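Taken together, the values in this text are just the output of simple stated rules run on the coordinates, not laboratory data. Note that the structure is predicted; figures quoted are calculated from it, not measured. All Cβ positions, even for glycine, are placed from backbone atoms using ideal geometry, and neighbour counts span all protein chains on display.
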Amino acid sequence: MKRVRIHAGMVGLVFKNGNYTHVITEGKHWIGFRAKVAKYSLSQPFNAPRALEILLKDQALADMLTVIEVKDNEIVLVYENGNFKQILTAGRYTYWNSLIDYKYVTADLSKIEITEAIKKAIYNKPELSRYIRVFEVAAYEKAVMIVNDKFEKTLEHGTYHFWKNDQTIKIAKADLRQLQLEIAGQELLTKDKATVRINFYAQYKVTNIETALMHNKDYEKQLYIILQLALRAFVGGYALDELLEQKETIAKAVLSDVKTQASKLGVNVLHTGIRDVILPGDMKDIMNQVLIAHKKAQANVVTRREETASTRSLLNTAKLMEDNSMLFKLKEMEYVEKIADKIGEITVAGNGNVIEQLKDIFSVNK
């Protein structure tokens, strides 16, 4: 006989002639000379030296072990004393269950949703992240989830995690903010056959994401075509002068016309407007000539009006002076003063009274 000591945190498996006989734990033990002891740490996974099925026939040993069977399309998350430790893939694993508090979470990778009790904090662990697909939906977005080319559900904003497997997952997103669509440089023909280029815009919001993304292919392009055709139709019903004067009216008419069609795209058009109406070079020259002629006619009218008012004022003054000699004399003195202001020098020659000579110069009635 020989004595064997098993220290704390260790366990021994006794073999005789190569065959397992029993398990011994902490303490001193007597065994036969032909027996051998294999010692194992209770803090490490147990790697069986013989077929595990044979060892587990010993109930004492079986009670000390936890056997984990991991199937295909499964993984097992192992936690030691509450902390994530490792990932187990398909196979059989054995752990001592006396020293360390182990916890095991089995995850089924054949499904899409992560329904297991796994904290999101460890999703980014390298060991686990390789089994997970991540999708981001921004705060101003919504998305539709398509699994195996079939609509699954609508996703609100947030971060989504799904198991990575042979099933395909697609995420189509739509911006829910107010958006603007520019229709620039549209060459259109007016009712009077004038060619113009129009820059048009529309403000809109996506209101039904499923309709926009699932029932319509590229809803933005379709909305562009709807607006373009409506604009073309309304511009063609106006002469050039009417178009320039009623831009706001046309924009409102386009808005009213496209709202119903846009709703079928899952979109609500909020506002439309004509930004610019650009005329060709020759048309610009013609319009400038018309404008100049119009302004000249307005200037002539103003000039004639002022002349008529001036003549009427002179006539009224003349009538007043005819009836009032004093007023006539005052007017006479006023004109004499104006004439005197324009004379730089007056020469008086000859004999006589200077005052009398000046009086004769400026006297009207000699």
Open item on the list: Debye calculation, C-alpha points only, no solvent: report log10 I(q)/I(0) for segment 179-279 at q = 0.10, 0.18, 0.23 Å⁻¹, in the same order as the q values.
Closed with: -0.27, -0.77, -1.13
Open item on the list: Nothing charged except the Cβ atoms of Lys and Arg (+1) and of Asp and Glu (-1): what's the magnitude of the dipole of segment 179-279 about its Cα centre? Round to the nearest 20 debye.
Closed with: 220
Open item on the list: Amide H of G273 versus every other amide H placed in the peptide plane: which residues, excluding those fewer than 5 positions away on the same chain, fall under 5 Å?
Closed with: Y201
- [ ] With θ set to phi - 60°, apply the Karplus curve 6.51 cos²θ - 1.76 cosθ + 1.60 along segment 206-223 and write out the HN-Hα couplings as whole Hz, x wherever there is a Gly or Pro.
- [x] 7, 10, 10, 5, 5, 5, 5, 9, 9, 9, 9, 8, 6, 4, 5, 5, 5, 5
Task: Lysine-lysine proximity count for segment 179-279, Cα under 26 Å, sequence distance 8 or more or distinct chains - done: 19
Task: Furthest towards positive pole of dipole, T106, I132, Y93, structure part segment 87-133, Cβ charges - done: I132
Open item on the list: I want to check the label-to-label distance for K319 and Y140. Put each point 7 Å from Cα in the C-beta direction and report it in nm to one decimal.
Closed with: 7.4
TODO: Set the Förster radius R0 to 25 Å, insert the Cβ-Cβ distance between E26 and E74 as r into 1/(1 + (r/R0)^6), and round the FRET efficiency to 0.05.
DONE: 0.10
Open item on the list: Highest mean first, how do 49-61, 225-237 rank when packing is the count of other Cβ atoms within 10 Å averaged over residues?
Closed with: 225-237, 49-61
- [ ] Tell me which residues come under 5 Å, amide H to amide H, from M10 once H is placed; ignore anything under 5 positions away on its chain.
- [x] L42
TODO: Count the net charge of all other residues whose Cβ sits under 15 Å from the Cβ of V144, scoring Lys and Arg as +1 and Asp and Glu as -1.
DONE: -2
Task: Simple spin-label estimate for L244 and R312 in nanometres, 7 Å along Cα-Cβ - done: 3.4
TODO: Please identify which residues in segment 64-81 have an amide N closer than 11 Å to a label point set 7 Å out from the Cα of R92, following the Cα→Cβ vector.
DONE: 67-70
Task: Cβ-derived FRET efficiency at R0 51 Å, K150 paired with H271, nearest 0.05 - done: 0.85
- [ ] Distance between Cα centroids, segment 84-120 to segment 178-240: provide it in whole Å.
- [x] 57
